[in-house]
Amino acid sequence: MNVLIVFAHPDPRSLNAALCDAAVAELEAQGHAVRVSDLYAMNWKAAVDRADFPTLGEGERLKVAAASGAAFAADALTDDVKAEQEKLLWADALILQFPLWWFTMPAILKGWVDRVYAYGLAYGVGEHSDRRWGDRYGEGRFAGKRAMLVVTTGGWAEHYGPRGINGPIDDLLFPINHGVLHYPGYDVLPPFVAYRADRFDEAGFARAADGLRERMRTLDTTPPIPFRRQNGGDYAIPSLELRPELGAPGASGFALHRSP
């Protein structure tokens, strides 16, 4: 497979960087082709602004989705964005690797998503009608490709458990797994999470690296999270509400969007 790792940590001496190196080495040992977008090393521009759309008229309002779609269709996005889009189209699997900061990804990685996921590439594709509401949530440009998160966090595993004060890790990562990865079509694998990252010793790193290597060895065979597909019949269109006969009685929240 072709594997793209989008890496977001500012320190090349960090645990994150060491884990990224371990993942790359294992993937290459398995015969996969690997490319790494190291966002801090690239000095990636995170904020979307008018400079992203060179063909936008001077007096024209910036409507980001419309400007993104027009620039993508005209092949007029900036060179840094087009280079990352080429990597996405090349890759059979996408890995987003980051430390969990304030319950989400670092701003630089969110900015990568904001700028690279152009209208016409990652969203705004497919038929919109009373039968179908676009090609998304399991369909779309990246359908048939795989994706997963590699995450480090300072908190204990128990802090992110079913009764942990921080909330279940699957709930915290749902907006990324479901909204950033499944939305444009990826089959999303369960995340790899390393807890208590600031307290690792050599033995702790060895265990985490071994676990990550095993996940890299099974990148092409691990069953994905069973998210429901938007146009597979589980959701009413156009309201996009899960049909009332589906899901456990009285259930609500993120778990509803996983098939039993």
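The values are calculated or read from the model by the stated rules, or taken from the named source; none is laboratory data. Keep in mind that what you see is a predicted model, and the values were worked out from it rather than measured. All Cβ positions, glycine included, derive from the backbone under ideal geometry; neighbour counts span all protein chains shown. For accessibility, only protein heavy atoms count, side chains too; no ligands or nucleic acids. Shrake-Rupley method; radii C 1.70, N 1.55, O 1.52, S 1.80 Å.
Miscellaneous remarks
- Residue within region 185-195 that is of a type in the set (Asp, Glu), open to solvent by 30 Å² or more (accessible area, probe 1.4 Å), touching an Asp or Glu at 6+ places or on another chain (Cβ under 9 Å) and closer than 27 Å to Val113 by Cβ present: no
- Scanning region 221-241 for residues that are in a loop (DSSP other than H, G, I, E, B) and in contact with an Asp or Glu (Cβ under 8 Å, 6 or more places away or on another chain), we see that the one that is nearest to Met1 (Cα to Cα) is Pro224.
- Criterion: touching a Pro at 6+ places or on another chain (Cβ under 9 Å), open to solvent by 30 Å² or more (accessible area, probe 1.4 Å) and part of a helix (DSSP H, G or I) - qualifying residue of Asp198, Asp170, Asp210: Asp170
- Residue list for region 86-143, filter: within 14 Å of the chain's Cα centre (by Cα), surrounded by fewer than 19 Cβ atoms within 10 Å (Cβ to Cβ) and within 17 Å of Phe174 (Cβ to Cβ): Thr104, Lys110, Val113
- Residue in region 224-234 that is in contact (Cβ under 8 Å) with a residue 60 or more places away in the chain, in contact with a helix residue (DSSP H, G or I) (Cβ under 6 Å, 6 or more places away or on another chain), surrounded by 15 or more Cβ atoms within 10 Å (Cβ to Cβ) and charged (D, E, K, R) present: yes
- Val81 open to solvent by 30 Å² or more (accessible area, probe 1.4 Å) and among the β-branched types (Val, Ile, Thr): no
- When region 47-56 is filtered for residues that are buried (at least 17 other Cβ atoms within 10 Å of the Cβ) and of a type in the set (Asp, Glu), only Asp52 remains.
- Scanning region 127-155 for residues being part of a strand (DSSP E or B) and in contact with a helix residue (DSSP H, G or I) (Cβ under 9 Å, 6 or more places away or on another chain) gives a total of 7.
- Counting the residues of region 57-77 that are open to solvent by 30 Å² or more (accessible area, probe 1.4 Å) and of a type outside the set (Asp, Glu) gives 11.
- Within region 41-72, if we keep just the residues that are in contact with a Gly (Cβ under 6 Å, 6 or more places away or on another chain) and free of Cβ contacts under 8 Å to residues at least 60 places away in the same chain, the residue that is farthest from Gln85 (Cα to Cα) turns out to be Gly69.
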